[in-house]
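Presented below is the structure to which this report refers.
The values are calculated or read from the model by the stated rules, or taken from the named source; none is laboratory data. None of these values were measured; they are calculated from a predicted model. Using ideal geometry, Cβ is built from the backbone for each residue, glycine included, and neighbour counts are taken over all protein chains shown.
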Amino acid sequence: MTKYLSSEPITHLFDQLPTDMIYYEIFPYLDYNSRVTANLLLPRRDRLRTPLRKDAVLEFQFMLGSATIASLLRKQNNAKNKITRNRLTLKIWRVMPLFSPLYQYKAAFRKVVAAKAVELSDPNHEGIANVSAYMRKEIKRLCQDFLLSLETSNPYIRELEFSFHANGDWSAVSTL
């Protein structure tokens with residue numbers, strides 16, 4: 001029977017080294033993946049833990065959503081073809097509900113997006129007067145559904161503050 005299938009514990013070189021030597025002499029020279037692997041080789045009680053900050057997941061969702069929406073808005077702004085611009089408009093309103101932290105944690109963004117949704121859901125709005133009937137019907141439906149979700153399932157929670165390092169980088173782990 002191989003050693004890995006037996007009930008006796010597996011021993012490593014790390015079991016014979018003092019823990020402080022591993023932390024202070026070896027870990028600083030390892031890259032992230034090697035540190036994670038080395039940490040897993042340590043006994044459970046000796047492993048280093050680096051917890052995520054409280055709002056790290058929300059901040060990441062916010063940054064991902066804002067990058068996605070900004071990219072679509074740039075493409076829409078640079079589109080020369082009217083059909084392409086209309087398709088991108090529909091895509092923006094289809095993608096917007098996927099990133100609820102954008103409008104649940106930033107009041108200014110929520111206000112602007114809600115105003116634009118009200119504006120586009122009006123069938124007499126001059127911005128959608130010269131588009132196809134399908135586009136008018138679909139943009140009206142998407143905007144009304146979005147406004148309904150703002151009122152029912154996506155209320156404003158609070159303002160989200162971002163935590164950046166001194167050099168401007170963002171990190172999900174707490175820095176002590």
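From the list 83, 92, which residue is closer than 24 Å to residue 59 by Cβ and more than 16 Å from the chain's Cα centre (by Cα)?
Going through 83, 92 in turn, the sole match is 92.
Quickly run through segment 96-126 and pick out the residues that are of a type in the set (Val, Ile, Thr) and either surrounded by fewer than 15 Cβ atoms within 10 Å (Cβ to Cβ) or not assigned by TED's automatic domain parsing to the domain that holds residue 146 (or both). Scanning segment 96-126 gives 112, 118. Do the conditions hold for residue 88, that is, is it out of contact with any His (no Cβ under 9 Å at 6 or more places or on another chain) and within 20 Å of residue 150 (Cα to Cα)? Answer is no for this residue.
Restricting 89, 68 to residues that are at pLDDT 95 or above, assigned to a helix (DSSP H, G or I) and touching a helix residue (DSSP H, G or I) at 6+ places or on another chain (Cβ under 8 Å) narrows the list to 68.
Restricting attention to segment 119-176 and to residues that are at pLDDT below 70 and among the aliphatic types (A, V, I, L, M), the residue that is nearest to the chain's Cα centre (by Cα) turns out to be 172. Within segment 43-68, the set of residues being crowded, with 16+ Cβ neighbours inside 10 Å and either farther than 13 Å from residue 104 by Cβ or not hydrophobic (A, V, I, L, M, F, W, C) (or both) comprises 55, 56, 59, 61, 65, 68.
Answer yes or no: is there a residue in segment 36-52 that is of a type outside the set (S, T, N, Q) and in contact with a strand residue (DSSP E or B) (Cβ under 9 Å, 6 or more places away or on another chain). Checked segment 36-52: at least one residue is of a type outside the set (S, T, N, Q) and in contact with a strand residue (DSSP E or B) (Cβ under 9 Å, 6 or more places away or on another chain). Among the residues in segment 49-61, are any in contact with a helix residue (DSSP H, G or I) (Cβ under 8 Å, 6 or more places away or on another chain) and modelled with pLDDT of 85 or more? Within segment 49-61 (the criterion being in contact with a helix residue (DSSP H, G or I) (Cβ under 8 Å, 6 or more places away or on another chain) and modelled with pLDDT of 85 or more), the answer is yes, since at least one residue qualifies.
Among the conditions (1) in a loop (DSSP other than H, G, I, E, B); (2) touching a residue at least 60 places away in the same chain (Cβ under 8 Å), residue 131 misses just one, which is (2). Evaluating residue 42 against the criteria (1) touching a residue at least 12 places away in the same chain (Cβ under 8 Å); (2) under 30 Å from residue 90 (Cα atoms) leaves one unmet condition, (2).
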